[in-house]
């Protein structure tokens, strides 16, 4: 799929107000920016964090698109993307994105490991909590917190917990 085939709008479930049901909405498809991948979502789970967001435990900005554990297929690449990423690859998306590179934990991680790690950033940016998540047809994700998935595993199985 090329950029020309990505629609301008998409369907998404949104949390409009805490402690209320999600609402189906038509919203713009996000654009892949620097370091981003645009992913067409195949499956996305609902976990206890999503319930806490809905209940207002996290001070998420509403309206927002919940879910932080999606899988899907890359449909567009943003700028400054590693050449290992290709349109058509199936990926799993972690919920953290774009570390600030300025806080103490980012600087420590860069010194210790040569690169920041969004999981430890003091200014965490998390899918389904601080930015839109996977209950939508498309999602932009940080390429550095995205994982390539094996082709022999179907999308639904990727979302199921290990038993």
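No lab work stands behind these numbers, since they all come straight from the coordinates. Since the structure is predicted, the reported quantities are computational estimates derived from the model, not experimental observations. Ideal geometry is used to build each Cβ from the backbone, glycine not excepted, and the neighbour counts take in all protein chains shown.
Tabulated data
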read-out	value
Convex hull volume of the stretch 29-163 per residue (C-alpha atoms, cubic angstrom)	127 Å³
Three principal axis lengths of the stretch 76-142 [C-alpha, angstrom, descending]	35, 29, 18
MRE, 222 nm, helices only [DSSP H, n ≥ 4, -39500 (n - 2.57), over the chain, to nearest 500]	-3500 deg cm²/dmol
Simple spin-label estimate for residue 104 and residue 27 in nanometres, 7 Å along Cα-Cβ	3.4 nm
